[in-house]
1. Out of curiosity, is residue A:56 under 15 Å from the mean Cα position of the chain (by Cα) and surrounded by fewer than 19 Cβ atoms within 10 Å (Cβ to Cβ)?
2. When residues of segment B:49-72 are filtered for being buried (at least 18 other Cβ atoms within 10 Å of the Cβ) and in contact with an Asp or Glu (Cβ under 8 Å, 6 or more places away or on another chain), how many remain?
3. Checking residue B:25 against (1) surrounded by fewer than 16 Cβ atoms within 10 Å (Cβ to Cβ); (2) more than 14 Å from chain A (Cβ to nearest Cβ), only one condition comes out false. Which one?
4. Tell me, please, whether a residue that is closer than 27 Å to residue A:5 by Cβ and in contact (Cβ under 8 Å) with a residue 12 or more places away in the chain can be found in segment B:17-32.
5. Output the residues belonging to segment A:23-50 that are closer than 17 Å to residue B:99 by Cβ and more than 14 Å from the chain's Cα centre (by Cα).
6. Name the residue, out of B:11, B:33, B:82, B:75, that is more than 14 Å from every other protein chain (Cβ to nearest Cβ) and open to solvent by less than 40 Å² (accessible area, probe 1.4 Å).
7. Can you give me the number of residues within segment A:59-71 that are open to solvent by less than 20 Å² (accessible area, probe 1.4 Å) and under 23 Å from residue B:96 (Cα atoms)?
8. Within segment B:95-112, restricting attention to residues that are more than 21 Å from residue A:36 (Cβ to Cβ) and modelled with pLDDT under 90, which residue is most open to solvent (accessible area, probe 1.4 Å)?
Amino acid sequence: KAGVTQTPRYLIKTRGQQVTLSCSPISGHRSVSWYQQTPGQGLQFLFEYFSETQRNKGNFPGRFSGRQFSNSRSEMNVSTLELGDSALYLCASSSRIEQFFGPGTRLTVL
Amino acid sequence: KNQVEQSPQSLIILEGKNCTLQCNYTVSPFSNLRWYKQDTGRGPVSLTIMTFSENTKSNGRYTATLDADTKQSSLHITASQLSDSASYICVVSEESGNQFYFGTGTSLTVIP
């Protein structure tokens, strides 16, 4: 069974630009969650999608948005990038019991 | 308030030594508790998952314990190796299965 895949793995953007990250969950998993991880902050929950609907949302500004497609693949978008958005963005695919993480996308904002 | 706290924040041990990481939680109603290992710059990888009725679970040199009464878990690493250097994250999920609560992790460094 293939694991969670995320693209791209690395990304460099400048302030003010926007970015779209992609996540393909494990086959059969309908829940996809997104997290931001920065040094010293740990994993911060962004949002969760289940069957194309946003089910939970963390405490992030509206510049962070996401969506899920009918095949459960998910995208996350960040508009008007700020320096503080530099982080590792992790996607997790969930069954009822367990959560599996992708390798992450390392975003650097210059 | 549902919370997960891990200790110590960081730990340095000599190769070959054992160590124990702690996780205390207040999440209720409890569904399961997982320990993840995260290498620098990579996504977390699951080590163990424990439900309410499980007290101990092992995965090679990793042994997790759970005391659901005191809401405490520990991860014991035996005969540490350099490759054990990573961040170890404790995650507790609610009974609904929809909410996952993360600890801030313990950074383990194994030195030769």
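1. On the way: under 15 Å from the mean Cα position of the chain (by Cα): yes; surrounded by fewer than 19 Cβ atoms within 10 Å (Cβ to Cβ): yes.
Against the criterion (under 15 Å from the mean Cα position of the chain (by Cα) and surrounded by fewer than 19 Cβ atoms within 10 Å (Cβ to Cβ)), residue A:56 qualifies.
2. Of the residues in segment B:49-72, 2 are buried (at least 18 other Cβ atoms within 10 Å of the Cβ) and in contact with an Asp or Glu (Cβ under 8 Å, 6 or more places away or on another chain).
3. Here residue B:25 meets the rest and fails (1).
4. Residues of segment B:17-32 that are closer than 27 Å to residue A:5 by Cβ, as a first pass: B:31-32.
Right, trim to in contact (Cβ under 8 Å) with a residue 12 or more places away in the chain and you get B:31-32.
The answer is yes, given that some residue of segment B:17-32 is closer than 27 Å to residue A:5 by Cβ and in contact (Cβ under 8 Å) with a residue 12 or more places away in the chain.
5. Passing the criteria: A:29, A:30, A:42.
6. Numbers: B:11 fails: open to solvent by less than 40 Å² (accessible area, probe 1.4 Å); B:33 fails: more than 14 Å from every other protein chain (Cβ to nearest Cβ); B:82 fails: open to solvent by less than 40 Å² (accessible area, probe 1.4 Å).
Answer to the selection: B:75.
7. Taking segment A:59-71 and keeping what is open to solvent by less than 20 Å² (accessible area, probe 1.4 Å), we get A:64, A:68.
Filter once more, so that each one left must be under 23 Å from residue B:96 (Cα atoms): A:68.
Residues flagged as open to solvent by less than 20 Å² (accessible area, probe 1.4 Å) and under 23 Å from residue B:96 (Cα atoms) within segment A:59-71 amount to 1.
8. Residues of segment B:95-112 that are more than 21 Å from residue A:36 (Cβ to Cβ), as a first pass: B:95-97, B:108-112.
Checking the rest, the ones that are also modelled with pLDDT under 90 come to B:95-97.
Working: B:95: 111, B:96: 51, B:97: 12 Å².
In this case the residue turns out to be B:95.
The values are calculated or read from the model by the stated rules, or taken from the named source; none is laboratory data. Remember, it's a predicted structure, so these values are computed and weren't measured experimentally. Every residue, glycine as well, gets a Cβ built from its backbone with ideal geometry; the counts of neighbours run over all protein chains shown. In case anyone asks, the SASA skips ligands and DNA or RNA and just uses the protein heavy atoms, side chains included. Shrake-Rupley method; radii C 1.70, N 1.55, O 1.52, S 1.80 Å.
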